[in-house]
1. Can you pull the mean other chain C-beta count within 10 Å for peptide B:72-82?
2. Report, largest value first, the span of the C-alpha coordinates of the protein assembly as shown along each principal axis, in whole Å.
3. Mind listing the phi-derived Karplus ³J(HN,Hα) values for segment B:121-130, rounded to whole Hz, using 6.51, -1.76 and 1.60 with θ = phi - 60°, and x for any glycine or proline?
4. Output ³J(HN,Hα) for segment A:81-87: one whole-Hz value per residue in order, computed from phi by the Karplus curve 6.51 cos²θ - 1.76 cosθ + 1.60 with θ = phi - 60°, and x for Gly and Pro.
5. Using θ = phi - 60° and the Karplus form 6.51 cos²θ - 1.76 cosθ + 1.60, what ³J(HN,Hα) does each residue of segment A:21-38 get, whole Hz, x for Gly and Pro?
6. Over all directions, the average projected area of the alpha-carbon convex hull for chain A comes to how many nm²?
7. Looking at chain A, identify the longest residue range that excludes and avoids all chymotrypsin sites (Phe, Trp or Tyr not before Pro) in DSSP loops having at most 10 other Cβ atoms within 10 Å.
8. Given springs between every Cα pair under 10 Å in a Gaussian network model of chain B, which of B:G34, B:G55, B:G114 has the largest fluctuation?
Amino acid sequence: MRCFQELKILFVIYRWHAVVSWTWDAHDETCGICRMAFDGCCPYYKLPGDDCPLIWGACNHAFHLHCIMKWVNSQIPQAHCPMCRRE
Amino acid sequence: MTDSSVSSRKVLSKIATNRLQKELTEWQINPPSGFTHKVTDNLQRWVIEVNGAQGTIYDNEKYQLQVDFPENYPMEAPQVIFLHPAPLHPHIYSNGHICLDILYDSWSPAMTVGSICISILSMLSSSTAKERPEDNDRYVKNCRNGRSPKETRWWFHDDKV
């Protein structure tokens, strides 16, 4: 019994690091416009994640938000999906 | 060839440079079959050798494509022309300009040099006659001042070839 009590105090946690991973759930791994990884970020921004989100069109093709906005804004009045030409 | 392209005058943006470097790396690992990129240190102008596909009327023939990238590539299409002598084809003018919708109105930023090459080879391969476009002389005369094909208002009417 004494032994058991000694064992209990052997495990003292001084500090711990949590490690979390995340990934975008897109069909492709890279953005069809900039060809950079979805889990990285577009060439316009420095930090991946919420600062450089993905966006899905009605056709379910995903792009970095900043990449597709640049394309859409250059195609006034009507922009088409770069992958399938859907409006 | 005249240094005609408006697009090649401005330096590439950082974004365009990044993407082109990726495309070049991809090309070196897995080049589209029938094409050879002529190595230079100029990322903004690629010269690509095209080999006519076997079993087509361009079999065993070699041509050269010149691809000039604009500053804001891939939001804008590159300028693609054949260097002299351009293949005899109903959609290719004697000055090397190519009537192909994806190079102009139907460009999409998801396209790459590789996909353009494949479209051009497919256009060549489906041709059954070695002839120039009907309006070749008139068009080429209008381009004498070194006009880029991207400034032409193309009318795409023939999807057979």
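1. Partner-chain Cβ atoms within 10 Å, mean over residues of B:72-82: 2.
2. Extents along the principal axes: 103, 42, 33 Å.
3. Once θ is set to phi - 60°, the couplings for segment B:121-130 become 5, 5, 5, 5, 5, 8, 6, 10, 9, 8 Hz.
4. For segment A:81-87, the Karplus-derived couplings read 4, x, 8, 10, 6, 5, 5 Hz, x marking Gly and Pro.
5. 10, 9, 7, 6, 8, 10, 5, 9, 9, 10, 6, x, 8, 8, 6, 8, 5, 5
6. The Cα convex hull of chain A, projected and averaged over all directions, gives 9.2 nm².
7. Formally, the longest exposed-site-free interval is A:23-87.
8. In this elastic network of chain B, the residue with the biggest mean-square fluctuation among B:G34, B:G55, B:G114 is B:G55.
Taken together, the values in this text are just the output of simple stated rules run on the coordinates, not laboratory data. Computed from a predicted model, the values in this text were never measured in an experiment. Here the Cβ is made from the backbone with ideal geometry for all residues, glycine too, and neighbour counts use every protein chain on show.
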